[in-house]
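The values are calculated or read from the model by the stated rules, or taken from the named source; none is laboratory data. Treat the numbers as computed from the prediction; the structure is a model and nothing was measured. Neighbour counts are summed over all protein chains in view; Cβ atoms, including those assigned to glycine, are modelled from backbone coordinates with ideal geometry. The protein model used for the area step is the full one, side chains on, heavy atoms only, and it has no ligands, DNA or RNA in it. Shrake-Rupley method; radii C 1.70, N 1.55, O 1.52, S 1.80 Å.
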Amino acid sequence: MMEKVILAESDDDLYEGIIGHKMMEKVILAESDDDLYEGYNEFHPALDTRNLQSDEGFQQAVLKSSYGRKGVTTGYRGATGASRMGTTAGYRRSSITSSNPRAIGTAAGQQPPSTARPMTAVRGVGYTSTGNRGAGVFDPLGQSKSMVSGFQTRDDSAPEVKIKQLEKKINDLLEESVFAAQRLEMSTALERAKDCVQKERSLSRMKEGSGLAETIAPNSDLTFAALFNLAVQYTNADMCYSDLTFAALFNLAVQYTNADMYSEAINTYQSIIKNRTFTNTGRLKLNIGNIYFKQNNYPKAIKFFRMALDQIPNIQKDLRLKIMHNIGLSFVRLNQFADAITSFEYIMSERIDTITAFHLIVCSYALGDRQQMKQYFSKLLEVNAEDSFEDKYVTHSDINDDLTNHLLVEVIKNDDLRQWEKQRRHDSEWSILTAAKLVAPVIGDTFSQGYEWCVDQIRNSSAFAHLANDLEINKAVKHLRKREFIEAIATLKSFEKRDNKSASTAATNLSFLYLLQNDISMAEKYADEAINANRYNSGALVNRGNTYYRHQDFERAKEYYKEAVNNDSQCLEAMYNLSLAFKKLGAYEDALDYLFKLHALTKRHPHILYQIANIYELLGNRDQALDFYQQLLHFVPSDPSLLVKLSDMCDADNDKQQ
């Protein structure tokens with residue numbers, strides 16, 4: 001910029017004074033107390049604007065500019081006289097003189113140069129000689145070219161706005177449908193899903209009609225992610241559809257399935273799969289396979305499971321194993337156990353799983369293959385299901401004896417992760433005990449030999465060694481059911497010197513066994529041993545109460561039965577025996593209270609119905625007694641004593657026909 005000025009005006013340095021001041025500035029700071037900013041008001045005379053009012057050459061230049069061409073009302077009146085120009089800009093300019101020699105020469109009547117003086121010094125901020133000519137408005141940023149103001153009110157009738165509003169309604173309906181399904185309100189969820197699909201079709205027609213189908217990006221709201229994770233448990237699935245059409249149709253298919261409308265669900269899934277605009281929809285055949293499995297159409301279920309398996313990449317290992325598990329279960333339902341074993345063995349080769357190993361044992365049991373049963377039972381014991389909660393938290397807290405650690409243990413003792421650990425541990429123990437009870441009678445030459453092999457295998461497993469005692473007690477129970485009392489007693493007596501829990505369980509069974517043999521003294525002995533080992537053993541308390549009941553000591557029996565009910569509110573034996581004790585003591589109302597509790601829990605058990613009817617009869621309420629006797633007749637229609645009882649009651653009422 002300075003180079004241009006020097007060429008047009010002078011060869012002198014325009015910033016000579018400033019530079020000189022800058023050079024002296026450091027000296028002043030170090031040596032003098034004069035004004036630090038002295039000299040900044042000194043500049044070259046060519047840059048002086050205070051005398052422009054008397055510069056006649058500047059006036060002529062203004063007249064030749066864009067301002068001079070805007071309908072001037074009073075023209076130029078001479079070179080030396082006062083000149084007037086139009087007031088189109090709202091002001092007037094007077095003639096001015098210039099200190100510039102060249103400008104004075106021009107004013108004296110000399111001809112100006114052929115090329116106008118360039119205004120390069122102000123182009124950077126938007127001033128040009130021709131850019132805004134005739135516009136009358138200073139607009140260096142070109143804001144006047146925009147026809148829409150940033151503060152203009154939105155037009156709700158515009159197609160873009162309507163489309164966005166409709167997309168929001170569709171997402172809201174999706175959320176309502178998903179949350180209703182989570183609350184098990186299936187009819188509401190299905191209704192919202194249908195409304196969602198209808199509105200989505202209206203949205204598609206609106207986009208096509210307005211020509212905005214390609215310009216408006218599909219709604220990528222997170223609602224579909226939540227819907228997809230809730231509706232189908234696809235582990236590690238990388239399905240990320242942002243298309244609102246897919247979300248609406250998928251939700252509709254899920255809600256059809258929840259409402260047991262399987263044909264409609266399959267048709268909806270098929271329409272999604274056939275739509276080429278959606279990607280990776282082949283895996284939805286897994287959902288169709290699940291529907292056929294629910295309909296007991298296992299061949300078609302296997303077909304769609306395999307088609308879905310072809311669509312799942314190898315990187316999604318967990319999902320592929322779950323599909324293989326479904327295929328194996330389908331073969332089990334078809335009694336094709338060899339094919340089922342093939343599917344389950346593939347899963348075991350990839351990952352040892354408790355449920356899969358249990359299914360392999362069941363299939364081998366169905367085929368009668370002893371060696372495979374032993375092999376898969378050993379595999380089942382290899383599953384790592386150790387519970388390290390005590391080692392991680394409880395022991396650490398006891399050592400430090402810190403209040404904060406104790407509070408931490410109390411908080412996490414029953415949190416979701418801890419509940420999941422307990423359930424996983426429980427599932428593993430259930431699978432092992434159930435498998436042992438299933439295979440023990442058949443894998444050995446004798447009943448006892450099979451149980452001994454299973455007990456030895458479990459004891460050799462460090463994680464499940466405690467289950468060996470439970471299996472031995474189960475062995476004694478099996479002997480009891482076979483009326484092999486000597487073997488049962490021998491097995492149970494082997495627990496007398498073991499840990500308290502096992503000893504209490506064995507003593508409880510021994511007490512029950514001696515009660516069956518009517519050996520009351522031995523029953524009392526082992527019942528007391530069981531109670532001493534574990535005071536909260538409800539079974540032992542019931543047996544001790546039974547011994548007092550046999551001695552006609554109903555008051556003492558009632559106390560033991562009550563303690564058993566307090567320890568275990570679901571102990572049906574204690575509640576039933578307690579009602580009998582109340583009945584013997586003449587407390588009929590108390591007996592009825594416990595009998596009605598049992599009646600609600602057991603859903604009309606014949607013994608309970610009889611006791612209720614008998615107590616009503618003792619209370620003199622013949623109508624209620626007759627009603628419950630008639631209910632009992634539906635369960636035991638050929639019981640002669642009941643028929644005689646009803647006949648006597650009808651005869652007393654002079655109802656000869658009945």
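Can you tell me which residues in the stretch 182-194 are under 16 Å from Met261 (Cβ atoms) and assigned to a helix (DSSP H, G or I)?
Met186, Ser187, Thr188, Ala189, Leu190, Glu191, Arg192, Ala193, Lys194
Of the residues Asp387, Asp353, Asp310, Asp318, only one is at pLDDT below 95 and touching a Ser or Thr at 6+ places or on another chain (Cβ under 7 Å); which? Write out each step before concluding.
Numbers: Asp387 fails: touching a Ser or Thr at 6+ places or on another chain (Cβ under 7 Å); Asp353 fails: touching a Ser or Thr at 6+ places or on another chain (Cβ under 7 Å); Asp310 fails: touching a Ser or Thr at 6+ places or on another chain (Cβ under 7 Å).
Exactly one residue qualifies, and that residue is Asp318.
Are any residues in the stretch 336-353 touching a helix residue (DSSP H, G or I) at 6+ places or on another chain (Cβ under 8 Å) and either open to solvent by less than 20 Å² (accessible area, probe 1.4 Å) or not in a helix (DSSP H, G or I) (or both), and if so, which ones?
Those that are touching a helix residue (DSSP H, G or I) at 6+ places or on another chain (Cβ under 8 Å) and either open to solvent by less than 20 Å² (accessible area, probe 1.4 Å) or not in a helix (DSSP H, G or I) (or both): Ala340, Ile341, Ser343, Phe344, Ile347, Arg351, Ile352, Asp353.
Checking Val362 against (1) in a helix (DSSP H, G or I); (2) under 22 Å from Ile288 (Cβ atoms); (3) out of contact with any Cys (no Cβ under 6 Å at 6 or more places or on another chain), which test does it fail?
Evaluating Val362 over (1) in a helix (DSSP H, G or I); (2) under 22 Å from Ile288 (Cβ atoms); (3) out of contact with any Cys (no Cβ under 6 Å at 6 or more places or on another chain) leaves (2) as the failure.
Please specify each residue of the stretch 454-490 satisfying the condition of being open to solvent by 60 Å² or more (accessible area, probe 1.4 Å), hydrophobic (A, V, I, L, M, F, W, C) and either closer than 14 Å to Ala506 by Cβ or touching a residue at least 40 places away in the same chain (Cβ under 8 Å) (or both).
Ala490
Restricting attention to the stretch 257-278, and to residues there that are touching a helix residue (DSSP H, G or I) at 6+ places or on another chain (Cβ under 9 Å) and not in a helix (DSSP H, G or I), which single residue is nearest to Leu319 (Cα to Cα)?
Phe278
Quick one: how many residues across the stretch 176-185 are modelled with pLDDT of 80 or more and surrounded by fewer than 19 Cβ atoms within 10 Å (Cβ to Cβ)?
So the answer is 5.
Any residue in the stretch 318-333 that is of a type outside the set (Val, Ile, Thr) and assigned to a loop (DSSP other than H, G, I, E, B)?
Let us first name the residues in the stretch 318-333 that are of a type outside the set (Val, Ile, Thr), namely 318-322, 324-326, 328-331, 333.
Retained after the next criterion (residues that are assigned to a loop (DSSP other than H, G, I, E, B)): none.
Looking for residues that are of a type outside the set (Val, Ile, Thr) and assigned to a loop (DSSP other than H, G, I, E, B), one finds none in the stretch 318-333, hence no.
Which members of the stretch 517-538 meet the condition of being open to solvent by 20 Å² or more (accessible area, probe 1.4 Å) and touching a residue at least 24 places away in the same chain (Cβ under 8 Å)?
Gln517, Ile520, Glu529, Ala533, Asn534, Tyr536, Asn537
Failed condition for Leu367, given (1) closer than 24 Å to Gly450 by Cβ; (2) free of Cβ contacts under 8 Å to residues at least 40 places away in the same chain; (3) open to solvent by less than 70 Å² (accessible area, probe 1.4 Å), with all others met?
Here Leu367 clears every test but (3).
Determine which single condition Ser448 fails, assuming it passes every other condition in (1) open to solvent by 20 Å² or more (accessible area, probe 1.4 Å); (2) among the small types (Gly, Ala, Ser); (3) closer than 14 Å to Leu381 by Cβ.
If we test Ser448 against (1) open to solvent by 20 Å² or more (accessible area, probe 1.4 Å); (2) among the small types (Gly, Ala, Ser); (3) closer than 14 Å to Leu381 by Cβ, just (3) comes out false.
Restricted to the stretch 279-315, and to residues that are assigned to a loop (DSSP other than H, G, I, E, B) and open to solvent by 40 Å² or more (accessible area, probe 1.4 Å), which residue is nearest to Asn258 (Cα to Cα)?
Residues of the stretch 279-315 that are assigned to a loop (DSSP other than H, G, I, E, B), as a first pass: 279-280, 295-297, 312-315.
Retained after the next criterion (residues that are open to solvent by 40 Å² or more (accessible area, probe 1.4 Å)): 279-280, 295-297, 313-315.
Details: Thr279: 25, Asn280: 23, Gln295: 13, Asn296: 17, Asn297: 18, Pro313: 28, Asn314: 30, Ile315: 30 Å.
My answer is Gln295.
Of the residues Leu595, Leu580, which is open to solvent by less than 20 Å² (accessible area, probe 1.4 Å) and out of contact with any Cys (no Cβ under 6 Å at 6 or more places or on another chain)?
Leu595
Restricted to the stretch 491-515, and to residues that are in a helix (DSSP H, G or I) and without any contact (Cβ under 8 Å) to a residue 24 or more places away in the chain, which residue is farthest from His466 (Cα to Cα)? Before you say what the answer is, go through the steps one by one.
Step one: list which residues in the stretch 491-515 are in a helix (DSSP H, G or I), which gives 491-493, 500-515.
Still in the list and also without any contact (Cβ under 8 Å) to a residue 24 or more places away in the chain: 491-493, 510, 514.
On the way: Thr491: 17, Leu492: 16, Lys493: 18, Leu510: 21, Tyr514: 27 Å.
Checked the stretch 491-515; the qualifying residue farthest from His466 (Cα to Cα) is Tyr514.
What tally of residues in the stretch 491-503 results from selecting those that are crowded, with 22+ Cβ neighbours inside 10 Å and of a type in the set (S, T, N, Q)?
Within the stretch 491-503, residues that are crowded, with 22+ Cβ neighbours inside 10 Å and of a type in the set (S, T, N, Q) number 1.
Which condition from (1) crowded, with 20+ Cβ neighbours inside 10 Å; (2) over 24 Å from Lys558 (Cβ atoms); (3) not charged (D, E, K, R) is the one that Gln630 breaks?
It is condition (1) that Gln630 fails.
When Leu381 is evaluated against the numbered criteria (1) open to solvent by less than 30 Å² (accessible area, probe 1.4 Å); (2) modelled with pLDDT of 90 or more; (3) more than 30 Å from Arg283 (Cα to Cα), which criterion, by number, is the only one it fails?
(2)
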